[in-house]
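The values are calculated or read from the model by the stated rules, or taken from the named source; none is laboratory data. The structure displayed is predicted, hence computed values, not measured ones. Every residue, glycine as well, gets a Cβ built from its backbone with ideal geometry; the counts of neighbours run over all protein chains shown.
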Amino acid sequence: MGNRKGCKPRGIEFWRGAVERLQAGESVGDVAADLGVDRRGLGRWRTRLAGRTTDPMRERQAGLTQEVARLKQALAEKVLEVDFLQGALHKVEARRQGKTDIGAKASTTRSGK
């Protein structure tokens, strides 16, 4: 089964015909069994002939790498935002403390009145 050592190599026309059968609706298992080829090999040829020359695992890794980069960027932006807000809060607290006398009670809002 398949294209092992000692077996006659199959040409691109052979694989095109096999892929056309898949596109016509036949199952991968049926076509592979009928032609005496490996299902995975048939799947690879279907991918190649569809114009996708890259390995699906590489495509997945590239997508995950892009997602990691996007998430790192989003995290960096959030860290900067938090740092900015903490700095602003410290400035507001420092101004508030500068307006009171030493030992004076801190101002609070009146509730319920």
| field | Cβ-Cβ under 6 Å pairs, at least 6 apart or on other chains, the range 43-72 side closer than 21 Å to Val19 by Cα and assigned by TED's automatic domain parsing to the domain that holds Ala32, far side of a type in the set (Phe, Trp, Tyr) and modelled with pLDDT under 95 | value | Trp45/Trp15
| message | Just the residues that are surrounded by 11 or more Cβ atoms within 10 Å (Cβ to Cβ) and modelled with pLDDT under 80, please, taken from the range 55-67. | response | Asp55, Pro56, Glu59
| query | Could you say which residue among Val37, Val19 is surrounded by 10 or more Cβ atoms within 10 Å (Cβ to Cβ), part of a helix (DSSP H, G or I) and at pLDDT 85 or above? | reply | Val19
| Does Gln86 qualify as being out of contact with any helix residue (DSSP H, G or I) (no Cβ under 9 Å at 6 or more places or on another chain), exposed (fewer than 11 other Cβ atoms within 10 Å of the Cβ) and either modelled with pLDDT of 85 or more or not in a helix (DSSP H, G or I) (or both)? | yes
